[in-house]
Amino acid sequence: MIPEIIKVKSTPSTNQCLRELAKQQCLKEGTVLYAVEQTAGRGQTGNHWEAEPGKNITCSMLFSPIFLPVKKHFLLSEATALGVKQALEMEFGLKYISIKWPNDIYYRDRKLAGILIENEIQEGIIIQSIVGIGLNVNQEVFTSGAPNPVSLKRALRKEEDIDLKFLLRRLAEQVDDWYQKLRSGNYKTVAQSYFDAQSRRRGFHTYKDANGETFQGRIKQISDDGLLHLYILGGGTRTYAFKEVSYILPHLPFQTRSQKWVYF
C-alpha cells in the first residue's frame, strides 16, 4: 500500500500530533505523520529522543488492529521493528542490522532507531495504535549523553546526505507490509522473524535486573505479550517485562559534544 504522508514543520510529539489529528478528521489506516522537527520526542522508557531538525526521520503511523487480541499486542511492535529493519536492508544493503528487545533497531552495537507504540483499548479491543518511529539518518553528532547512538549516514560512511523523503516512504511501505501479515493472521511468521532478528540471540550475554544483579543470560523466547524469557548461565530461566532488565553494553568509543564517531 502507498502510504498517505502528512508533513508538519514542528511538533512536540508526532504520536500526540497524529492522535489529535485522528480525532479531528477521518484518516486512512496506515497514514503517516512526519515532522521536520520534534521538540519533545521520547522513547519507550520515557527518555528524551534526540533528533536534529531536518536531519532524521521522526514519524508516526496510524493503525486500527481490532483483529489483534490484547494479549498478543506486542506482535505489532515486532512487525514494526521488522519493517524498519527490512527497509534499511533492502534500500541500502546494510548488514549487521538487528533488533534489540523490546523495540530498538541496532547497527552492530549502536542504536539506529527506536519505536514507541501507544494503544487505545476499549472493552478488550485495541481500537487504535499510534506507532512512533525515530530513525537517525543524517545526524553526525549526538549531544544528549545517550551511550550508543549512530546514524544511517555514519553506518554507511556516506559523505552526502540521504534522501529523507524517499526513505520515509520506503520505511512506511515495509512497516505496512508486515502489518498486513498480522492482519492475515500470520502471527507465527512475525514472531519467529522477530526472534531470529534479535541482536543477542546466540550465546550468553551480560544483563542487569532492576535489583542491580548482573548475570549471564541467553534469550529463550519472547512471548506475544512482550515478556523476555532468558536461560540463565548455571541453570534455570527468568522472565522479565519492560524496564525490569537491561543489556550491559560492550565498551564503546567515547564521543565528545564536538566530534564525530570514529569507531570504523
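Region 59-88 to region 113-138: how many Å between their Cα centroids?
8
Would you kindly compute the Cα radius of gyration of the chain and its largest Cα-Cα separation (Dmax), both in Å?
In order Rg, Dmax, the Cα atoms of the chain give 18.1, 56 Å.
Go through LYS165/LYS220; LYS71/LYS153; LYS72/LYS153; LYS7/LYS153; LYS72/LYS208; LYS23/LYS85 and tell me which ones have a Cα-Cα distance over 32 Å in this structure.
Numbers: LYS165/LYS220 38 Å; LYS71/LYS153 38 Å; LYS72/LYS153 35 Å; LYS7/LYS153 22 Å; LYS72/LYS208 26 Å; LYS23/LYS85 30 Å.
Over 32 Å apart, Cα to Cα: LYS165/LYS220; LYS71/LYS153; LYS72/LYS153.
Along region 2-13, what does the Karplus equation 6.51 cos²θ - 1.76 cosθ + 1.60 (θ = phi - 60°) give for ³J(HN,Hα), rounded to whole Hz, x for Gly and Pro?
Whole-Hz 3J(HN,Hα) from phi for region 2-13: 7, x, 8, 10, 10, 10, 10, 6, 8, 7, x, 8.
Could you pull out which residues in region 155-185 have an amide N less than 20 Å from a spot 7 Å beyond the Cα of TYR96, following the Cα-Cβ vector?
Once the point is set 7 Å along Cα→Cβ of TYR96, 155-160, 162 turn out to lie under 20 Å by backbone N, inside region 155-185.
In whole Hz, what ³J(HN,Hα) sequence does region 69-77 give by Karplus (6.51, -1.76, 1.60; θ = phi - 60°), x for Gly and Pro?
x, 4, 5, 10, 4, 5, 4, 5, 5
When the helix-only estimate is applied to the chain (DSSP H runs of n ≥ 4, each -39,500 (n - 2.57), divided by the residue count), what is the mean residue ellipticity at 222 nm, nearest 500 deg cm²/dmol? Write down the numbers at each step before the final one.
Details: 5 runs with 65 residues, N = 264.
Result for the chain, helices only: -8000 deg cm²/dmol.
Could you go through region 166-180 in sequence order and give the Karplus-derived ³J(HN,Hα) for each residue, using 6.51 cos²θ - 1.76 cosθ + 1.60 with θ = phi - 60°, rounded to whole Hz, and x for Gly and Pro?
5, 5, 4, 5, 5, 4, 4, 5, 6, 4, 5, 4, 6, 4, 5
What's the FRET efficiency of LYS220 with GLU29 using the Cβ-Cβ distance as r and R₀ = 41 Å, to the nearest 0.05? Each step should come with its number before you reach the end.
On the way: r = 34 Å, r/R0 = 0.84.
For R0 = 41 Å, the calculated efficiency reads 0.75.
Taking the simple approach of a point 7 Å from Cα along Cα-to-Cβ for both SER10 and GLU89, what is their distance in nm?
3.9
Report the gain in length on full extension from SER64 to VAL36: 0.36 nm times residue separation, minus Cα-Cα distance, nm rounded to one decimal. Walk me through the numbers before you get to the answer.
On the way: separation 28, 0.36 × 28 = 10.08 nm, distance 2.52 nm.
Here the segment from SER64 to VAL36 would lengthen by 7.6 nm.
Amide H of TRP101: which non-local residues (sequence gap of 5 or more, or other chain) have their own amide H closer than 5 Å, using H built in the peptide plane?
SER199
So who's got an amide H within less than 5 Å of the one on ILE57, skipping anything under 5 residues away but keeping other chains? H placed 1.01 Å off N, in plane.
Those lying under 5 Å, H to H, from ILE57 are LEU135, VAL137.
Place the peptides 69-78, 194-203, 106-115 in order of packing, highest mean first, counting for every residue the other Cβ atoms within 10 Å and averaging per peptide.
On the way: 69-78: 18.9, 194-203: 15.4, 106-115: 21.8.
Answer by packing, highest mean first, reads 106-115, 69-78, 194-203.
Throughout, read-outs are computed from the coordinates displayed, never taken from laboratory work. On a predicted model such as this, the values are computed, not experimentally measured, just so you know. Cβ coordinates were reconstructed from backbone atoms using ideal geometry, including for glycine residues, and neighbour counts include every protein chain displayed.
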